[in-house]
Amino acid sequence: MRRRELLAGAGSVGILAAGTGIVLGGLPSFGEEPAADSDDDEGSEWPIEVETIDARGSDGGTVTVPNDGITLVEFFATGCGKCQAQMPRLAEARSRLVDDYGDDLTVLSVTYQSADTMPDDELRTWWRNHDGNWYVGRDTTSSLAAHYGIFGYPVTIIVDETGEKRWEKSGLGSSDDIVRAVEDAFE
């Protein structure tokens with residue numbers, strides 16, 4: 001009897017995971033165009049505006065993805081140890097890139113956490129404690145994450161001005177890899 005219960009439980013987990021994937025990313029498409037490149041995603045505006053908070057290096061308002069240049073986006077959660085470990089690597093990459101690319105490069109860290117679960121003051125403190133010094137925003141509806149097929153944290157992507165994802169790294173990435181990927185996107 002335990003074997004049947006175990007198999008039923010495993011099957012339930014698979015169904016739950018598939019349902020979550022459909023909710024976040026939509027039904028799979030077997031056509032030639034990937035879903036992430038579609039301009040008419042139902043329920044999401046294109047380009048996507050990410051609400052930013054007033055914190056060191058970040059103005060309260062919005063950042064648009066895509067925009068007129070290259071956008072480096074880091075998806076994170078404040079309670080994620082790897083996300084915390086990624087912050088200095090991202091800071092180093094940003095400091096190396098900012099002189100060469102200036103306003104043509106937007107660096108944006110995005111959390112799914114709402115102001116109800118992570119108030120702005122707490123997010124500001126976390127940001128300062130982890131040396132954040134670029135845009136920090138909230139993707140509480142996960143529209144940006146769903147559009148680019150992001151699951152898990154941390155995930156770093158580079159998006160060009162057309163909205164095409166040019167590079168992705170799940171987990172910890174080196175500052176050298178980030179710098180190289182941004183430079184490649186500018187070529």
_How far apart, in nanometres, would the label points at Cys80 and Thr140 be if each is projected 7 angstrom from Cα along the Cα-to-Cβ direction?_
1.9 nm
*asked:* Leaving out ligands and nucleic acids, and using a 1.4 Å probe, what accessible area per residue does region 59-187 come to in Å²?
replied: 45 Å²
*Arrange the residues Phe151, Phe76, Phe186 by how much accessible surface each exposes, largest first, with a 1.4 angstrom probe.*
Phe151, Phe186, Phe76
_Residue-by-residue Karplus 3J(HN,Hα) for region 81-98, coefficients 6.51, -1.76, 1.60, Hz, glycine and proline x_ = x, 5, 5, 5, 5, 6, 3, x, 5, 5, 4, 5, 4, 4, 5, 6, 8, 4
*Residue by residue through region 132-145, which ³J(HN,Hα) values in whole Hz follow from phi under the Karplus form 6.51 cos²θ - 1.76 cosθ + 1.60 (θ = phi - 60°), with glycine and proline marked x?*
x, 8, 8, 4, 10, x, 10, 10, 5, 8, 6, 5, 5, 4
*In Å², nearest 10: area of Trp46 left accessible to a 1.4 Å probe*: 70 Å²
*For an R0 of 22 angstrom, estimate the FRET efficiency from the Cβ-Cβ distance between Asp104 and Arg180 and round to the nearest 0.05.*
0.85
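The values are calculated or read from the model by the stated rules, or taken from the named source; none is laboratory data. In this text the structure is predicted, and so the values were computed from the model without any measurement. Counting neighbours? That spans all protein chains shown, and the Cβs are built from the backbone with ideal geometry, glycine included. Remember, those area values only see protein heavy atoms, side chains included, never the ligands or the DNA or RNA. Shrake-Rupley method; radii C 1.70, N 1.55, O 1.52, S 1.80 Å.
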